[in-house]
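Below is one structure, written out as structure tokens, with a few remarks after it.
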Amino acid sequence: MKVRPLTDADWPGLWPIIEAVTREGETYTYPLDMTEAAARAMWTPAPPGGTLVAVEDGGILGAAKIVPNQQGNGAHVANGSFMVSSKARGRGVARRLGQAALDFARAAGFRSMQFNAVVETNAHAVALWRSLGFEIVGTVPETFDHPRHGLVGLHVMYRRL
């Protein structure tokens, strides 16, 4: 498995992952009917942001998007979004993408990274981010309408770079 920057040629392999994760409705606050055009605009940010993909045997396994968390005086904090193909889960893809995203953010000059909306029932993600040095700095209760668990909280997670 290799992690590298997204290219235009990668998009046809990335869109099905984004579409499937979005339609599941369990981990992102995206519209369930998000269009490919909207997803592409969201997942192909301008510098200092960027998107990394995990690839193996020519196929896309997952992606990490890194952007400034805020504008202006908050632009020194990175934000990250991560998606992994259901076929590649449990193989360490998210961990590799997380490590690469931290390296990318550090190299881009960000001073810290913050996740604004980690669904509290996403135990695998919470455990992964904690293992990579993130801490939960707060949880906003009942802010995510999970399709199986009903109203659940969203964690804000943070770490210095």
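The values are calculated or read from the model by the stated rules, or taken from the named source; none is laboratory data. Keep in mind it's a predicted model, so treat the numbers as computed, not measured. Glycine also receives a Cβ, built like all others from the backbone with ideal geometry; neighbour counts cover every protein chain displayed. Heads up: the accessible areas ignore ligands, DNA and RNA and are worked out on the full protein's heavy atoms, side chains in. Shrake-Rupley method; radii C 1.70, N 1.55, O 1.52, S 1.80 Å.
Taking region 113-135 as the range and being in contact with an Asp or Glu (Cβ under 9 Å, 6 or more places away or on another chain) and of a type in the set (A, V, I, L, M) as the test, the residues that pass are V119, V126.
The residues of region 133-153 that are open to solvent by 20 Å² or more (accessible area, probe 1.4 Å) and either in contact with a strand residue (DSSP E or B) (Cβ under 8 Å, 6 or more places away or on another chain) or at pLDDT below 95 (or both), listed by number, are G133, E135, I136, V137, G138, T139, V140, P141, E142, T143, D145, L151. Looking across region 105-116, the residues that are open to solvent by 40 Å² or more (accessible area, probe 1.4 Å) and either touching a strand residue (DSSP E or B) at 6+ places or on another chain (Cβ under 8 Å) or within 14 Å of G74 (Cα to Cα) (or both) come down to A108, G109, R111, Q114, N116. Pairing residues of region 113-131 that are more than 13 Å from R95 (Cβ to Cβ) and of a type in the set (V, I, T) with residues that are part of a helix (DSSP H, G or I) and open to solvent by less than 70 Å² (accessible area, probe 1.4 Å), at Cβ distances under 8 Å and at least 6 apart in sequence or on separate chains, gives V118/A125; V118/V126; V118/W129; V119/A125.
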